[in-house]
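Right, one structure below, let's go through it.
The values are calculated or read from the model by the stated rules, or taken from the named source; none is laboratory data. Every value quoted in this text rests on a predicted model; they were computed, and no experiment measured them. Positions of Cβ are backbone-derived with ideal geometry, glycine not excepted, and every protein chain shown enters the neighbour counts. Side chains included, ligands, DNA and RNA excluded: accessible areas come from the protein's heavy atoms. Shrake-Rupley method; radii C 1.70, N 1.55, O 1.52, S 1.80 Å.
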Amino acid sequence: GCDVLAVEGVSCVDEPGKWVGDITVQHDGVVLDIQCKRPRTAAAIRPNFDKAKKQILKATCPGSGMIALDLSVIIRPSGTLLSAQSEASASDKLSKLIGTHLPGITDEVEMIGPEIAGIIGVGRIPCMITEPSMIVGSNGRQYDITRPYSVAEIAVALNLRSPYAPTLRCLGEKLDQWLKGRSRGLPQG
């Protein structure tokens, strides 16, 4: 639902612009840089946010954008898997894990200028889903089957003072649809 103009400053073949964002997109005539950061600790969220903000504001073209923070490393302790009773409960659990870091992030939205549309918080972690199987045992009860799965969620914090907030809202909705469409296929491990 949007045009990708460049990735890491490398423009598409037919795109004449010189873009410097990690990703530069165009949607309904609005061009935005997306500066992506992957903090490895909760304490690194703020410095990563500040760096992304400076990168967006420093760029002369387009000079506007959004910040994407991948929180996957922070919300998943090393060597662990999330356990859940269904894909929906895995998504709910992941949303809550992302949400524990959002108050600090969304407070930052108040402090950014109108050039920045807002923040996208992203998380993706492996999990094990245990749910009833279609097979019934001799006791008349269904067996439980545990299978690997990969769950992903996003959270969008809009900067309501930005004229680009509606574009971020639309992009966030499209990204959410894309993620949910991917999860309807085969389990991802």
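Structural remarks
- Residue within the stretch 11-19 that is touching a residue at least 12 places away in the same chain (Cβ under 8 Å), open to solvent by 80 Å² or more (accessible area, probe 1.4 Å) and in contact with a strand residue (DSSP E or B) (Cβ under 9 Å, 6 or more places away or on another chain) present: yes
- Which listed residue is modelled with pLDDT under 90, under 30 Å from Met128 (Cα atoms) and over 19 Å from the mean Cα position of the chain (by Cα), from Ala59, Ala42, Ala84: Ala84
- Candidate set: the stretch 102-121, residues that are open to solvent by less than 40 Å² (accessible area, probe 1.4 Å) and in a loop (DSSP other than H, G, I, E, B); chosen: the one modelled with the lowest pLDDT: Ile112
- Candidate set: the stretch 73-92, residues that are part of a helix (DSSP H, G or I), open to solvent by 30 Å² or more (accessible area, probe 1.4 Å) and not small (Gly, Ala, Ser); chosen: the one farthest from Arg38 (Cα to Cα): Glu87
- Qualifying residue in the stretch 91-103 (condition: closer than 30 Å to Ile145 by Cα, under 18 Å from the mean Cα position of the chain (by Cα) and touching a residue at least 60 places away in the same chain (Cβ under 8 Å)): yes
- The set of residues in the stretch 58-99 being closer than 30 Å to Arg161 by Cα and among the hydrophobic types (A, V, I, L, M, F, W, C) consists of Ala59, Cys61, Met66, Ile67, Ala68, Leu69, Leu71, Ile74, Ile75, Leu94, Leu97, Ile98.
- Residue in the stretch 47-58 that is under 13 Å from His101 (Cα atoms) and touching a strand residue (DSSP E or B) at 6+ places or on another chain (Cβ under 9 Å) present: yes
- Of the candidates Thr41, Thr24, the single residue that is hydroxyl-bearing (Ser, Thr, Tyr) and open to solvent by 60 Å² or more (accessible area, probe 1.4 Å) is Thr41.
- Residues of the stretch 41-55 satisfying the condition of being in contact (Cβ under 8 Å) with a residue 24 or more places away in the chain and of a type in the set (S, T, N, Q): Thr41, Gln55
- Where a residue in the stretch 56-71 is of a type in the set (Asp, Glu) and its partner, wherever it lies, is open to solvent by 10 Å² or more (accessible area, probe 1.4 Å) and part of a strand (DSSP E or B), with Cβ under 6 Å and at least six apart: Asp70/Val122
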